[in-house]
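The values are calculated or read from the model by the stated rules, or taken from the named source; none is laboratory data. Remember, it's a predicted structure, so these values are computed and weren't measured experimentally. Cβ placement follows ideal geometry from the backbone for every residue including glycine, while neighbour counts extend to all protein chains displayed. For accessibility, only protein heavy atoms count, side chains too; no ligands or nucleic acids. Shrake-Rupley method; radii C 1.70, N 1.55, O 1.52, S 1.80 Å.
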Amino acid sequence: MDKSMRENEKPTLLTRRQVILASGVAMAGAIPFLPRAVAAPETGNATLRLTAGTRTLDVNGKPARVFGLIGPNEKPGVTLSPGERFRVDLVNQAGTSTIVHWHGQLPPWRQDGFPWPQTPPIPAGDTRSYDYAPIAGTYWMHSHQGMQEQSLMTAPLIVRSAEDMHADRQEVVLMLHDFSFQTPDELLAGLTKSSGSQSAMPKGGMGNGMNMRSESMGAMNSGAMGAMNMASGMTMDLDDVDYDAFLANDRTFADPEVIRTEPGGRVRLRLINGASATQFWVDLGALTGTVVAVDGHPVRPVRSSRLPLAMAQRVDVLIDLPGNGAYPIFAQVEGKRARTGIVLAASGAPVSRLATEAGENAPPVDLSLERRLEAVAPLAPRAPDVTHRVILAGAMAPYAWSLNGEYWPNVTPLMVAPGQRVAIEMLNRTMMPHPMHLHGHAFQVVAINGAPLTGAVRDTVLVPPKSSVTVAFDADNPGRWAFHCHNLYHQMTGMMTEVRYPGIV
Ligand SMILES: [Cu+2]
């Protein structure tokens, strides 16, 4: 057991916010002044065992050795009942050191699962314990060690609310991945080496970098991207990596998961983009859904049947099936025809084979949904006490990405102080989209390209090429917090910094 984890259990160290979050859960046992009614939750507080290990998937008929995060009942990840604490023993049976981040959750910083010097990775064979009050919604977990995330060291983290339990809706989790038979190191080397040779030989074209570039430019010549390209006079870089497959709940669309729906056909679809370098358009096909939450946080209902999903983002969609048929849920890769997905099917409904490619390339994932979102619980109106401007820079050749001209780990922390309202203005000077994620806080999207909005509260926001997005949050969780692009290859080549509170050692 890591000593640093234990200290967070001491009630004397709890902030008022944590006590509020803990109300109704077992921490009450350590806080004698809470009413007895909340002191003994029915959901219990058994410690859940989560094993980081390896497993073998079948991908396009070939065996694929990948990592996995297997929770209770041999299911991937963790699902918590309302009021239950995130009380987890993470057992490292992966054969190598690891550390797992609870993406979007707001634990004390030493439990965030980031490899800070104060919280080093868990050696192979060791166990580390976590215990914090979770926030309800659709979250996920992934390794923050090296590039293990690309090798599927990822899983859902679902925290049910009391409302979920009363809603009488079937919960369906759809987690997306990108997959390659190459190792992540080989994929990264392909990006950095070929882009280097490309820059040295501008008339070349044999390297991966050039291939990808011509592919994305090819995509530009059709449909919406072509129109956008002509309108803006720019070309955009998409899809750093040429993947072998795209997975939905670990399966390809040639052999999709078929989820039998319950009578009445009322579904809450929890979409998670767990891919390392791929953004998707989720297409509900014949269905129309109602978006009710993004990144776990409720938004005012928005009707839609096509949902852009940037890396690491989640969307919760309510769907009422119109009949007793089979309804595919497609997830198409931006800039490509490739797609994956699952099928929702009433009991007994025949499920026909589905084409693994769409008729045309999908456009780039954009902010069309983001602009329509409005938080159910927005920040209290208040001017920022501090505004950090962050320039997103970099290029495909040479392949390197930076924040304010700095490359992780050689960065200047963005300092914030407890009680401050903080704004971060992100300006993307590149031709790539960057899904930016802040650990330990939920921020509100407050401006897009300088136009103010009362947008969603979330933890990951897309900053499209040549665009700006401003987010705001209240600095209420002292510690050291990673702030980075969630494209794994951008992060690995430098696109990460730190949001830091004073006095943290
Ligand atoms: Cu990026």
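Computed values, structure above
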| quantity | calculated |
| --- | --- |
| Estimated FRET transfer efficiency (Thr387, Asp89; beta-carbon r; R0 41 Å; 0.05) | 0.50 |
| Convex hull (Cα only) mean projected area of the stretch 385-505, reported in nm² to one decimal | 6.9 |
| Local electrostatic count at Asn273 - Lys and Arg +1, Asp and Glu -1, tallied over other residues with Cβ under 10 Å | 0 |
| Point-to-point label distance, Ala451-Tyr407, nm (Cα→Cβ direction, 7 Å offset) | 3.7 |
| Segment Glu74-Asp58, extension gain: residue separation times 0.36 nm, minus the distance between their alpha carbons | 4.0 nm |
| The stretch 65-107: Cα Rg divided by the 2.2 N^0.38 Å rule of thumb | 1.29 |
| The stretch 69-143: C-alpha gyration tensor shape, a/c 1.5 cut-off, then a/b vs b/c | oblate |
| Area of Leu191 that stays accessible when all protein chains are in place (1.4 Å probe, Å², to 10) | 10 |
| Ranked order, Val411, Val422 - accessible area, probe 1.4 Å, largest first | Val411, Val422 |
| Cβ-based net charge around Leu427, under 14 Å, with every Lys or Arg adding one and every Asp or Glu removing one | +2 |
| Probe 1.4 Å, protein heavy atoms only - accessible area per residue of the stretch 91-198 in square angstrom | 30 |
| Whole-number percent relative contact order across the stretch 362-505, with pairs defined as alpha carbons under 8 Å at least 6 apart | 30 |
| Asp320 - accessible surface, heavy atoms, 1.4 Å probe, Å² rounded to 10 | 90 |
| Stretch gain in nm, segment Arg306-Asp185, where the contour uses 0.36 nm per residue and the Cα spacing is subtracted | 40.2 nm |
| For the stretch 99-140 and the stretch 445-463, distance of Cα centres in Å | 26 |
| Probe 1.4 Å, all protein chains present, accessible-area order of Lys62, Lys193, Lys336, largest first | Lys193, Lys62, Lys336 |
| Inter-probe distance in nm under a simple model that places probes 7 Å from Cα toward Cβ, at Leu379 and Ala167 | 2.6 |
